[in-house]
Amino acid sequence: MLVNAKKILLYAKKENFAVPATNFIDLDTARSYVTVAQQRGLPLILAYAQSHNKLISLEEAALIGKFLAKKNDVPIVLHLDHGEDTDFIFQAIDLGFTSVMIDASSAPFQENIATTKKVVDYAHQYDVTVEAELGHVDSNDFSESPTVTDSIYTEVEDVLEFVDKTNVDSLAISIGTAHGIYKGTPQIHFDRLEEIDRMTKVPLVLHGGSSSGDTNLNRCATHGISKVNIFSDFIHEAFSVIHKKEPEDYLELKTLVNQTMEEVLNHYYDVFETKSIK
Ligand SMILES: [Zn+2]
């Protein structure tokens, strides 16, 4: 069933688990994620990043996402990941996305507030939930994030003002992860996470979940993070399985890749201790 992110993320925050947000880039990836969600009876955030619009258009993503969500009975959120401009975000809402992210995290604080507020005002008219980013999660290779940048950690004292002025539904914070695949395991600032979690009722989001280490991710999911974005681990694992198993033809390759995508999501559902929504 197609739902927005509000109830799912508030429940995840209350029950100390996280919901995976998995980026799809075609029908196969989307179907693989939804298949696992349906098999396990768990919620899923099916995410489409604006930066992937050369691989798959917004219109195509909306059709695929809505079709798969409505065909299954587990709660599925069709989410726009890293919306870079308000025109694109409003178009996603008009096409039936139930959740959007506005990434104005590179802009100065007050500008981030103003842009986020504009998106919230539009989205809430249609019961669409909004995620914003405060602080900045860097990108160290090609990933769902549009540009290569450095991280700026989220300041605890900015969180209350930001949430109060924007009325945003969830907040991506920067506590040490980065987009893409790391060269080593990252240093995550759990003390800052717990401090932010204590001071706001708004569910918190971790970007750059891939290759952050299962122990780190489990601790985040059970200590204040309600949504974890995962993308690079899927494509990285799929590519390495192709190298390892050397499929005979393209059809065999596609089957192998789809199975691998399912295995990776199954793994992260366990790591995030995701529970069904009551
Ligand atoms: Zn991200």
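Nothing in this text is a laboratory measurement; each read-out follows from the coordinates by a stated rule. Note that the coordinates shown come from a computational prediction; the quantities given were computed from them, not determined experimentally. When we count neighbours, we look across all protein chains shown, and the Cβ atoms used for this are built from the backbone with ideal geometry, even at glycine.
Go through the range 210-223 residue by residue and turn each phi into a ³J(HN,Hα) via Karplus (6.51, -1.76, 1.60, θ = phi - 60°); whole Hz please, and just put x for glycine and proline.
In residue order, the calculated couplings are 4, 6, 8, x, 4, 5, 4, 5, 5, 5, 4, 5, 9, 10 Hz.
Among 199-212, 234-247, what's the highest-first ranking by average C-beta atoms within 10 angstrom per residue?
Going from most to least packed, we get 199-212, 234-247.
Over the chain, calculate the relative contact order: mean separation of alpha carbon pairs under 8 Å at least 6 apart, over the residue count, as a percent.
It comes to 22 percent, rounded to a whole number.
Between the helical axis of 190-199 and the dominant principal axis of the chain, each derived from Cα atoms, what acute angle in degrees is found, rounded to the nearest 10?
60 degrees
Any idea which of GLY209, LEU63, VAL3 is furthest toward the positive side of the dipole for the range 2-271, if Lys and Arg beta-carbons carry +1 and Asp and Glu beta-carbons -1?
VAL3
To the nearest 10 degrees, how steep is helix 232-245 against the longest Cα principal axis of the chain, on a 0 to 90 scale?
With both axes taken from Cα atoms, the answer is about 20 degrees.
Output the pairs from LYS6/LYS71; LYS71/LYS244; LYS118/LYS201; LYS14/LYS66; LYS13/LYS118 with a Cα-Cα distance over 31 Å in this structure; if there are none, say none.
Correct reply: LYS71/LYS244.
Could you estimate the translational diffusion coefficient of the chain from the Stokes-Einstein equation, with Rh from the Kirkwood formula over C-alpha pairs, at 4 °C and 1.567 mPa s, in whole µm²/s?
70 µm²/s
For the charge dipole of the range 31-101, defined by +1 on Lys and Arg C-beta atoms and -1 on Asp and Glu C-beta atoms about the Cα centroid, which residue among LEU44, HIS79, GLY96 has the Cα displaced farthest towards the positive pole?
Towards the positive end, the residue furthest out is LEU44.
Once the Cα atoms of helix 156-166 and of the chain are each reduced to a long axis, what angle between those two axes, in degrees from 0 to 90 to the nearest 10, is obtained?
Orientation of helix 156-166: about 90 degrees from the principal axis.
For GLU246 and GLU60 in the same chain, what is the full-extension length gain: residue separation times 0.36 nm, less their Cα-Cα distance, in nm?
63.9 nm
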